[in-house]
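The values are calculated or read from the model by the stated rules, or taken from the named source; none is laboratory data. Nothing here was measured: the structure is a model prediction, and the numbers come from that model. Cβ placement follows ideal geometry from the backbone for every residue including glycine, while neighbour counts extend to all protein chains displayed. Please note that ligands, DNA and RNA were not included when accessible areas were found on the heavy atoms of the full protein model with its side chains. Shrake-Rupley method; radii C 1.70, N 1.55, O 1.52, S 1.80 Å.
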Amino acid sequence: MSTLFKIAQIGAPVLRERAHEVTREQLATPEFQQFIDDLIATMRDANGAGLAAIQVHRPVRVVVMEVDGNPRYPYKPKIPLTVLVNPVLTPLSQEHFDNYEGCLSVPDLRGVVSRFAELRVQAWDRHGTPIDREVRGITAGTFQHEVDHLDGMLFVDRVTDPRSLCTWKEFARHHEAGFRLQVERIVARFGS
Ligand code: NI
């Protein structure tokens, strides 16, 4: 059985906190493992591409991500179910791309954010096993969006031009076709 959590909405002070590091002892408890399962269930229920623990009112450094035919982001390349504990992201180059982002904590709003195109990801998985890998392209944008949550940051803070802000309906109407072409170019270049 899993519990579905309520997702904090922009304005909730918890979204502006810095989430705490998770200890190995904490991670190993059945309660914490159940929490991770519930976080995954909540992300899937809300059709999120990712969800940070802080978004369900628990300020610890855990994010989950999964993309496979996501109805909110139909153009996003697949991301297998990924759990990152205490993640640290390091850009591998200065190359950036423009990502049209949305967030389960920011209802009905999207905007353009500049993201690093290539990252090193260091973290633990849910069992405390070290992860050290590289991610690129659109997927790197998703990783940066989720890890930003752990430092109390929302995509709206990073929107470079506020005039790019739009509702989901207006995104579909005016911006999605152009953005899909950009996504195709990025995926062709980085494979994700
Ligand atoms: Ni978000």
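Quick notes on this structure:
- Meets criteria (within 24 Å of ILE138 (Cβ to Cβ) and touching an Asp or Glu at 6+ places or on another chain (Cβ under 7 Å)) for ILE40: no
- Residue match in segment 77-93 (condition: open to solvent by less than 10 Å² (accessible area, probe 1.4 Å), in contact with a Gly (Cβ under 6 Å, 6 or more places away or on another chain), part of a strand (DSSP E or B) and modelled with pLDDT of 95 or more): no
- Residues in segment 141-192 that are within 16 Å of the ligand (Cβ to nearest atom) and on the phi > 0 side of the Ramachandran plot: GLY152 only.
- The C-beta contact set for segment 87-109 (first residue within 18 Å of ILE10 (Cα to Cα), second residue away from the ligand (no atom under 16 Å from the Cβ) and assigned to a loop (DSSP other than H, G, I, E, B), distance under 6 angstrom, 6+ apart or interchain) comprises ASP108/THR167.
- Residues being buried (at least 17 other Cβ atoms within 10 Å of the Cβ), within 19 Å of ARG180 (Cα to Cα) and either within 16 Å of the ligand (Cβ to nearest atom) or hydroxyl-bearing (Ser, Thr, Tyr) (or both) - total across segment 94-140: 14
- Some residue of segment 42-65 being out of contact with any helix residue (DSSP H, G or I) (no Cβ under 8 Å at 6 or more places or on another chain), open to solvent by 30 Å² or more (accessible area, probe 1.4 Å) and in a helix (DSSP H, G or I): yes
- Selection status of ALA123, touching a residue at least 24 places away in the same chain (Cβ under 8 Å), part of a helix (DSSP H, G or I), in contact with a Leu (Cβ under 6 Å, 6 or more places away or on another chain) and among the small types (Gly, Ala, Ser): no
- Cβ pairs under 6 Å, 6+ apart, first in segment 37-60 and free of Cβ contacts under 8 Å to residues at least 12 places away in the same chain and away from the ligand (no atom under 11 Å from the Cβ), second open to solvent by less than 10 Å² (accessible area, probe 1.4 Å) and of a type outside the set (D, E, K, R): none
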